[in-house]
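Colleague: Please see the structure below; I have some questions.
The values are calculated or read from the model by the stated rules, or taken from the named source; none is laboratory data. Please read all numbers here as calculations on a predicted model, not as lab measurements. FYI the Cβ positions are ideal-geometry reconstructions off the backbone, even for glycines, and counts take in every protein chain you see.
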Ligand SMILES: [Zn+2]
């Protein structure tokens, strides 16, 4: 095997190969032939899946400066060196099915990266620098132990496909709704109990999977007419919904629709008056977006950090009139069993929830409209 490996690398150097296949070679270490001398500076794709590598060499970028794709699926990689950030041309990195517990912040220096696959590792958190990967189109984080996603992820404006199945997520950042190219979002088998109010507002988002999130009782009504997977949602193993009669089921599902922590006041149809704080934020937001120069005319505004963040990324937008909302919402439930999707998802008790800005919008909102 060693001779065969030696020969493969020798030929690749001699013939200036762009692709090198070293899958299934029982490698415990990066072959020294890859890293000594020059000769592989033309290499663009390196395939090393299903070996037993535990780490990557520091001088990888120095020796393989033109690497565009690196496949390391199914090894035992525990750590990747900071020098990974030097692979300036790397567009595709597959580290699925390894033993990664940490991802170094230098990953954010891979500015050409378009596809990053990290599924089936032991990641408990991610560096905020992932948000610096501005060309990223595919991010697969499924089968890890993530409890949250980096909020800066919304800076990956080219992201089209985000997969976070089989983690421990209780929520996803509402800023994800700002990813206007996101086409597929898969969050199956987590611990989600609510989804961002604006999820599905973007026309580009067409596929949303939230299957097997037992605590999830409500889907934003923007998701109506999108392809959604939601079987196994709203299904508590302790209280199978099949035993509940309709009236009781309705009361339960209404009581259990989760809401983001930021919502301080939940309006109801009888709450005709929108609180002053909310009105102030809506006014500031309108100024900020439509006439930002007018803000300079106002005395300096000392808002707490949490409200400044909200001003930049509202809690959501009214599902009826698209007005930005910050601290108060009026929810309206449409149980799935009353919609066309009921037959598709027999095991679920989730509802569609329209989040409205006022009692007027609440009254006039209809799913079909
Ligand atoms: Zn409204």
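Colleague: Residue under question is residue 314, and the condition is that it be at pLDDT 85 or above, under 19 Å from residue 195 (Cα atoms), within 16 Å of the ligand (Cβ to nearest atom) and assigned to a loop (DSSP other than H, G, I, E, B); does it hold?
Modeller: Yes.
Colleague: Being more than 8 Å from the ligand (Cβ to nearest atom) and over 24 Å from residue 210 (Cα atoms) is the filter here, so list the residues in the range 352-361 that pass it.
Modeller: 359 - this is the single residue of the range 352-361 that is more than 8 Å from the ligand (Cβ to nearest atom) and over 24 Å from residue 210 (Cα atoms).
Colleague: Report every pair of residues separated by at least 6 positions or lying on different chains whose Cβ atoms are under 7 Å apart, first residue within the range 305-333 and under 17 Å from residue 286 (Cβ atoms) and without any contact (Cβ under 8 Å) to a residue 12 or more places away in the chain, second within 16 Å of the ligand (Cβ to nearest atom) and not in a loop (DSSP other than H, G, I, E, B).
Modeller: Taking only residues 6 or more apart or on different chains, not a single pair turns up.
Colleague: Of all residues in the range 148-191, how many are without any contact (Cβ under 8 Å) to a residue 60 or more places away in the chain and in a loop (DSSP other than H, G, I, E, B)?
Modeller: Adding up the residues that qualify gives 27.
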